[in-house]
Amino acid sequence: MSQIHALSDDQVGQELRKMTAFIKQEAEEKAREIEIKANEEFAIEKSKLVRQETDAIDSTYAKKFKQAQMSQQITRSTVANKTRLKVLGARQELLDDIFEAASAQLGEATSDQGRYQDILKGLILEGFYAMNEPELQIRARKADYDVVRQASEAASKEYKEKTDKDVKATIDEENPVAEGSAGGVVIVGGNGKIDINNTFEARLNLLKDSALPAMRKALFGDNPNRKFFD
């Protein structure tokens with residue numbers, strides 16, 4: 001049978017000190033572990049927050065940069081369109097001035113009766129060929145009746161020579177061309193239902209349509225945006 005010896009006060013004190021030191025060491029190690037884990041979690045959370053903020057800043061910058069690009073493109077497009085419209089407006093104004101000047105000079109052709117008669121003959125003959133009818137009417141200014149009769153006779157003669165057909169043309173005195181006209185004639189056929197307007201004003205309007213592309217090219221050069229040509 002073993003004997004149990006009672007611990008002396010010194011021995012008890014030593015054991016308590018050992019236990020206290022052990023508990024303190026365990027507590028310190030646990031505290032260090034908690035601190036290390038907390039620091040790691042803090043670093044991870046900090047990195048996460050920094051990354052989120054960086055991404056947010058990058059996203060905001062990209063959005064604003066895209067908006068700035070779009071705004072710049074819109075501004076450039078607006079300026080380009082305004083400039084193009086101004087150029088087109090100036091070109092059209094020049095063309096209008098040219099045709100206005102031509103319109104103002106239309107009446108000068110009537111001052112030379114011989115030349116005017118030749119012009120009328122050509123206009124009347126053109127109507128004869130287009131209508132191809134044996135009887136036609138001619139409308140003209142009252143002041144031009146005499147010269148129109150002479151021109152009509154000459155045109156009828158040439159028409160006969162070219163086509164071997166007779167054509168009788170009479171002046172429609174009930175429906176004269178307005179005195180405000182610069183000159184020319186209107187050839188009427190089809191029992192009054194068809195007419196060819198060969199007044200100077202009508203011919204100038206036709207010239208506007210037919211000659212305008214060539215005039216634009218001569219004045220302003222080729223259009224780089226035009227892909228198709230007649």
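Along the positive direction of the dipole of the range 1-82 (beta-carbon charges: Lys, Arg +1; Asp, Glu -1; about the Cα centre), which of 34, 49, 77 reaches farthest?
My answer, from the dipole projection, is 77.
Can you sort 61, 145 by solvent-accessible area, 1.4 Å probe, largest first?
61, 145
Expressed in nm to one decimal, what extension gain is obtained for the pair residue 18 and residue 175 from 0.36 nm per residue of sequence separation less their Cα-Cα distance?
Length gained between residue 18 and residue 175: 42.6 nm.
Using Cα pairs under 8 angstrom and six or more residues apart, how large is the relative contact order of the range 136-215, in percent?
34 percent
Can you bin every Cα-Cα distance in the range 111-194 into 10 Å intervals starting at zero and give me the percent of pairs per bin, rounded to whole numbers?
That works out to 19, 55, 24, 2, in percent per bin.
The values are calculated or read from the model by the stated rules, or taken from the named source; none is laboratory data. Just so you know, these numbers come straight off a predicted model, no measurement behind them. Cβ: placed from backbone, ideal geometry, glycine included. Neighbour counts: every protein chain shown. With ligands, DNA and RNA removed, areas are computed over all heavy atoms of the protein, side chains included. Shrake-Rupley method; radii C 1.70, N 1.55, O 1.52, S 1.80 Å.
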